[in-house]
1. Give the number of residues within segment A:174-198 that are more than 7 Å from chain B (Cβ to nearest Cβ) and either surrounded by 14 or more Cβ atoms within 10 Å (Cβ to Cβ) or in contact (Cβ under 8 Å) with a residue 40 or more places away in the chain (or both).
2. Would you mind stating whether A:V151 is buried (at least 20 other Cβ atoms within 10 Å of the Cβ), more than 7 Å from chain B (Cβ to nearest Cβ), not acidic (D, E) and not in a helix (DSSP H, G or I)?
3. I'd like the full set of residues that are part of a loop (DSSP other than H, G, I, E, B) and under 25 Å from the mean Cα position of the chain (by Cα), limited to segment A:180-213.
4. I need the full set of residues from segment A:172-194 which are at pLDDT below 90 and more than 21 Å from B:R113 (Cα to Cα), in order please.
5. Mind listing whichever residues of segment A:459-508 are assigned to a strand (DSSP E or B) and under 20 Å from A:R436 (Cα atoms)?
6. Which of the helices (runs of 4 or more DSSP H) found entirely inside segment A:1-76 contain at least 3 residues meeting this: modelled with pLDDT under 90, away from chain B (no Cβ under 14 Å) and farther than 30 Å from B:F126 by Cβ?
7. Could you count how many residues in segment B:249-281 are among the aliphatic types (A, V, I, L, M) and more than 14 Å from B:A299 (Cα to Cα)?
8. Would a scan of segment A:402-416 turn up a residue that is modelled with pLDDT under 85, crowded, with 18+ Cβ neighbours inside 10 Å, of a type outside the set (A, V, I, L, M) and under 44 Å from the mean Cα position of the chain (by Cα)?
Amino acid sequence: MSVPGPRDHVGLIEMVRRANQPLPPENSMLFRLSTLVAVLSGVVACAYVGEISALVAVVASVGIAVGMTFSSMTRQHPWPGVKLLLAVAVVGVFVEFVVQIFGAAHTGELSSIEVPLASLFTWVQVVHAFDVPARRDLLFSVAAAAALVTVASAQAVSVGFLGFVAIWFVASIVGLACSWRSMAGGRWRLPAGGLLGATMLIVTIALLLEVVLPLPRASQQITLPSALTSYLPLGTGGGLTQGGSHPAEPAQAGRPGGAIGIGGFVGMAGPLDTAVRASLGNEVVMRVRAGRPGYFLGSTYDRWNGQSWTEVCPAGSSSETLESGSPFQLPSVSGGAVQPNIQTFYVEQNLPNLLFGTSVPQQIYFPAHGLIVACDHSLRSTIAMTAGTVYTVVSSDDETPISQLIHDDRPEPDGPAMSSYLQLPHPYPRVEGLARSIVRSAHATSVAADVLALEGWMGRHTRYSTDIPPLPPGQDAVDEFLFGNRTGYCEQISTALAVMLRTLGIPAREATGYIPGSFDPLSDLYTIEAKDAHAWVQVYVPGHDWQSFDPTAFVPLAPPNPGAVLLSDIGHGLERLPWIPLGSTGFVAAAATLAWFLVRRRRRRPLTWAGLVALGLERAGSGAGLDRRPAETLGEYAQRLAGAAARNGHPPMPEVNEAVRVVEESAYGQAAGVSPPPQSQAAAEHVLQDLARSLGRRRRLGSQPS
Amino acid sequence: MTARNRRRPPPGRRLRRHAKPERYAAPVFVAVTLLLAWAGVAHASGSGWVQAVGTIAAGVIAVGMIGPGLAANRLKAVAAACPHDARAGEELLVEMTVKRPLRCTPIWPPGDRVLLEPGAAAPVAFRLPTRGVLRTVSVRLATAAPLGLLWWSVDQVVVLPAPVEVAPRTGAGSSHGREASTDSEGRGRPVPSGSGDPRGVRPYRIGDSRRRVHWRGSAHTGTLMVRESEQQPDVSVRVVADLPDDPEAAERRAEEAMGTVSALLAGGRRVVLETVEEGTRRCAPVSDRRHAGRRLAGAGDNPYGHDAEGRRP
């Protein structure tokens, strides 16, 4: 087979002509099939992450499959007008893309370039599928499939996306290998071992690069991700909504034993009732991509009534509604210029209309027309925060290092009115006395030093446990925690610190939100589960605004009750098990095992009367400790058993010989396989049952063969 | 046959002992651009999945572009069969076998590239530019396995199963040769059937022309008989092929000698060819053109006595 030699130097027109001249048709069906799988995996991946709708994905997949089939059937003689039609179609698709981009940009709803790009790539693939007669065309499809998967991966947030990547990767490798085979003649079989080795090498290289390369960080120079799956306006006037199954319902106060907020934490939807005892689950609430993970603040509370925290706007402050559209610029409340911290939140469940973010938010990318900034500077959406919502918060992260705070004893400036953050429902003389004694003994000279001293004391004298008794009616939660069992979780611990600080005249408020959950290195996302809900304290430090302190971090775990912990763990473990698939699998396995056992038993069971009688005699002997020897005939064995019976004091049994003869005659005689007359059967069985009985156990020596 | 193909391989041209990529600029540029684009998208989106997919793509590109280099160093082609005789200016087909699919490009003697697959032997055509004795050929073996993203090649000297004696082209020949085979107007003369007075018949001896076979006498006696004349019909012509050191001049001289010998043999003359083969002067009759070609192939300096680098194997 001869192939063209080196290309001579040719002009541009000749190069274009050569580039467009018909190429040899590609006849490898495996190449075409792997290319189709790679492209379809990209299309479905785009649909999986929500960049194209399911309907578009189905239509595009069918179109691509039909186009590939058409191309395969006409590869020897491509239809002359197809290229022109496809060119027109591609131009149309591109015009649609441009219109989509400019239209979205004009209305300010362009949340991400990936969505129109995914649509463009998908339809280009559909059009291109009708004209892939040659190897070069198929390679273009393989490359375009990579582009589709890349566009989809820009929005991927879950580990489930790995399945699409794996399918695309394997299909692409097979496609490239087929391409090489086509280049080199195309008649030999693909070397499976070599391909497997290459695949392993590629995966190894990818893993090494993944380990070595720093994780990407979103650039603020472009539009940051934000998206909605539904547009459900809220009529709460800026109040909090319930979340959960009723994402637009106004928040209800949590009560013991009653409905609670998402994941069992009331603090995200309404007043924070420290008397509520709830077990937080493992359901994924959000996934967060954050440059610098921190405490994702949801809301703060300033009014304490001895049991619950509520939010009451301080005098002179009110909520503010921003209607500038995404991105929303927030008024800066901190003076320092710090590096922005970009956090993108992917909402997995219906949540209250709170927007989370590390403090202090500066810029919000949220695809709504309005955004409410509450008086405590928490952010609230004007539309329901349903599953699938994506928003990005750019925070300034002006947390001052504790080492600086502790030596920064500044006088209180003429700052905001702090009276509401010093509010107490009633005097706390014991709490105040305790706090003052702690601060005094620590020789604290600054606000931060006071906080650290109190945190240190709580770390030494209180314990963390979610398994605490209910709050007695009428009892103050702080008194109960500090002077009662001194055991609680983040709500009790942080509330106690806030109240102690207020008794010292230090403005403090309760803050709730989420801590970063487990980190997924593939998606570069923190997975926040319901159990990651947290409460901490924000303290107003003169000159440094509100600073967060987490006393729970100092508190050690309460000595566990092993039994209770074990039962709790077992309960949680059983609760998490996927019972439906497990039960189905177990049922099938049990049924299969039972069937196997029955079949095995049936196969091993003798089919003749003689075999059954012999088996009964062997079982009787075995029960008496006299197993039948391998070379022992039934007659010899029966004699041995009769001898043993005689030694036990049983009279001699000469009739055993006749019974055994009947059995052996039935098994090995002239009429082998034929049962003897019923009378003979009954007599033999009777004799041998007597023999078995004489051995100490009763055995039923015979029954009708099955 | 162009003058370019008749030239010897350029002096100092070195064979590739280790694999080298072919036309790598464009693929490398595209690969780097793609990876940079991937990194840009990952940075712009801040998505770890984009980076993960990009690392897979980087792995594919790395294996696809470097893997053939490792595979190329293990390529090997074996010459399974080739003819014993050939003629300068014509193609020599060498049957080659390989264990892996590859692209084979003849370097010396030059030829067209072919794709070889494992299994059955496939012919590789070498264009023979000059006469000589060919014992080895140089080929460039290339592969893009396993993904076909970049070709890597390595050169190999393939030992032929038997030396190929390449006869020179048939030149115009000397004036003596022309005189012996044509008349004064250049037309072909009738073949002489013998001259002198007939003397009788005698048994055939090796070297007798078959034209002198006396069929009737042979049938009568039962053995092959030839006519015998009073005097020899013809005398042997001695052709001296002294080839100069200059390769081009030697080639022209060999072609001329080949033309002369061919013309004499066609005219029924006995030819004694005198050559210098491997430093030894040899004077012996040649029976036909193939024989003459073999003698002239081995005369003088062997143009194929070195590989593409100019070294003798």
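1. Final tally of qualifying residues: 9.
2. no
3. Of everything in segment A:180-213, just one residue is part of a loop (DSSP other than H, G, I, E, B) and under 25 Å from the mean Cα position of the chain (by Cα), namely A:L213.
4. Within segment A:172-194, A:R189, A:L190, A:P191, A:A192, A:G193, A:G194 qualify.
5. A:A508
6. A:12-20
7. Number satisfying all stated conditions: 7.
8. So far as segment A:402-416 goes, no, none of its residues is modelled with pLDDT under 85, crowded, with 18+ Cβ neighbours inside 10 Å, of a type outside the set (A, V, I, L, M) and under 44 Å from the mean Cα position of the chain (by Cα).
The values are calculated or read from the model by the stated rules, or taken from the named source; none is laboratory data. Remember, it's a predicted structure, so these values are computed and weren't measured experimentally. Here Cβ is always computed from backbone atoms with ideal geometry, including for glycine, and neighbour counts include all displayed protein chains.
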